[in-house]
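Quick one: this structure, given as structure tokens, is what I'll be asking you about.
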Amino acid sequence: MPSFPSLPNFHKAGRTATTARPRVPVPTARAIVDCGVYVDGKRLPGRFTPQQALAEARGTDSGFVWVGVHDPDETQMNDIAQIFGLHPLAVEDAVVGRQRPKLERYDDTLFLVMRTVSYVEHDMHAVSEIVETGDIMVFTGPHFAITVRHGEHTGLAGVRRELEGQPDQLRMGPPSVLHAVADHVVDSYVDTTESIEEDVNEMEEAVFTPDSKVGIESIYQLKREVVELRRAVTPLGIPLERLVTNQALPVPTEFRRYMRDVADHHVSVTEQIAYFDEALSSLVNAALAKISVQQNTDMRKISAYAAMAAVPTMIAGVYGMNFDYMWELHQRWAYPAVLVVMAVLCALLFRSFRRNKWL
């Protein structure tokens, strides 16, 4: 038999061609938004890498470095952790994000996790996202403060500029950054709750306005977003309380006074959110009751018209039996008389139903 040349292994060649290329690591500098050194309440001029900034801060008595990081990956965060000696568990939380608000201490380093919220403009009577959430983590230790932010809202550039304009507060060192960021986050809670309050008030007005039609879906959507807001905001109360009352934490006394004000604002926000939850639950019940009343009204109208139609149907049914001994069938006035009787009875029923507000 003739021999044929062996065919190439197209399957193997295809697999080789589609082999995934190794991922090119992104430089750590891409994740760093800003890196500044602060000495005696003032920022030193010039640009520094994290290694240079930490070395510069350690060469002073009261200096510290503030590094701002946005959406770092695991490699970038590990590089920063090696420079500042961060705990691996805290680094893992900073990379993953979506953590519950908490305060943890690793030796002389504090790690605070906060959820950020932002109000999203939306159509009041449409099912859409209302509250957008993110994360901000703050590491504070000797001579450094590191802020890690996830999400596109609640930026910290304005916080840095505002804090740089307050040298007395910057002299507290890294705790001043912790206070400024926490105060900024709680202020964003206040702004969001004020916007949601307008939505709740508008929803209340729509529900209790006569003859208005409010979809129950929009109320449920607003309530779900309030629940999301509560899950992001309420758990932060415990870490803030620890920063105020726990004397074992490595923070100055002046810092506790500032944090007490932040904690008070946070309590006000949580109380407001609890009110929203109760108000929306009442609105759901009111909307369901309104729908039930409307259904009862429709059923009464249908029943009234059915009763009015039953009278001529019954009379016509009697005459449709074709009895022999119905003397009025042979009278000339019988047919118009029956029509008049039907009309009069229907008119009497209609008047009665209108008087009882069934129609």
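The values are calculated or read from the model by the stated rules, or taken from the named source; none is laboratory data. Since this is a predicted model, take the numbers as computed values, not measurements. All Cβ positions, glycine included, derive from the backbone under ideal geometry; neighbour counts span all protein chains shown. Heads up: the accessible areas ignore ligands, DNA and RNA and are worked out on the full protein's heavy atoms, side chains in. Shrake-Rupley method; radii C 1.70, N 1.55, O 1.52, S 1.80 Å.
Specify the angular offset, from 0 to 90 degrees and rounded to the nearest 10, of the alpha carbon long axis of helix 334-355 from the longest principal axis of the alpha carbons in the chain.
30 degrees
Output wanted: per-residue J couplings in Hz (rounded whole) for region 249-256, from phi through Karplus 6.51 cos²θ - 1.76 cosθ + 1.60, θ = phi - 60°, x for Gly and Pro.
Listing the rounded values in order: 6, x, 9, x, 5, 4, 4, 5 Hz.
Another question, if that's okay. Ranked by accessible surface with a 1.4 Å probe, highest first, in what order do Glu162, Glu228, Glu254 come?
Numbers: Glu162 125, Glu228 50, Glu254 80 Å².
If we order Glu162, Glu228, Glu254 from most to least accessible, we get Glu162, Glu254, Glu228.
For the chain, what does the alpha-carbon gyration tensor say about shape, rounded, prolate or oblate, given a ≥ b ≥ c as the root eigenvalues, a/c under 1.5 as rounded, and a/b over b/c as prolate?
Oblate shape, in that a/c is at least 1.5 and b/c is the bigger or equal ratio.
Another question, then. Just for region 64-160, what percent of DSSP beta bridges are antiparallel, to the closest 5?
On the way: 22 of 28 bridges.
Counting only bridges with both partners in region 64-160, antiparallel ones make up about 80 percent.
Probe 1.4 Å, all protein chains in place: accessible area of Asp187 in Å², nearest 10?
60 Å²
Whenever you get a sec, line up Ile130, Ile238 from highest to lowest accessible area (probe 1.4 Å, protein heavy atoms). Walk me through the intermediate numbers first.
Numbers: Ile130 5, Ile238 120 Å².
Ranking Ile130, Ile238 by accessible area, largest first, yields Ile238, Ile130.
Binning at 5 angstrom from zero up to the longest distance, how are the C-alpha pair distances of region 178-304 distributed in percent?
2, 10, 18, 15, 12, 10, 9, 7, 6, 4, 3, 2, 1, 1, 0, 0
Could you state the per residue volume, in Å³, of the convex hull enclosing the Cα atoms of region 243-283? Can you show the working numbers first?
On the way: hull volume 2.2 nm³, N = 41.
Looking at region 243-283, the number lands at 55 Å³ per residue.
Can you work out the accessible area per residue across region 266-359, with the rest of the protein chains kept in place, probe 1.4 Å, in square angstrom? Display every interim value, and only then the final one.
Values: 6730 Å² over 94 residues.
Spelled out: the 1.4 Å probe surface of region 266-359, per residue, equals 72 Å².
Per-residue ellipticity at 222 nm for the chain, helices alone: DSSP H runs ≥ 4 residues times -39500 (n - 2.57), over residue total, nearest 500 deg cm²/dmol? Walk me through the numbers on the way to the answer.
Numbers: 11 runs with 200 residues, N = 359.
One gets -19000 deg cm²/dmol as the mean residue ellipticity at 222 nm.
Can you send over the carbon and sulfur percentage of the accessible area for the chain, probe radius 1.4 Å, protein chains only?
Values: 11560 of 21050 Å².
The computed percentage sits at 55.
³J(HN,Hα) across region 199-209 via Karplus (A = 6.51, B = -1.76, C = 1.60, θ = phi - 60°), whole Hz, x for Gly/Pro?
Computed from phi, the couplings for region 199-209 are 5, 5, 5, 5, 5, 4, 4, 5, 5, 8, 7 Hz.
If you don't mind, another one. About its Cα centre, how strong a charge dipole does region 17-120 have in debye, to the nearest 20, once Lys and Arg get +1 and Asp and Glu get -1 at the Cβ?
Here the size comes out at about 360 debye.
Taking the full set of protein chains and a 1.4 angstrom probe, give the accessible area of Glu241 in square angstrom, rounded to the nearest 10.
Glu241 exposes around 100 Å² with every protein chain in place.
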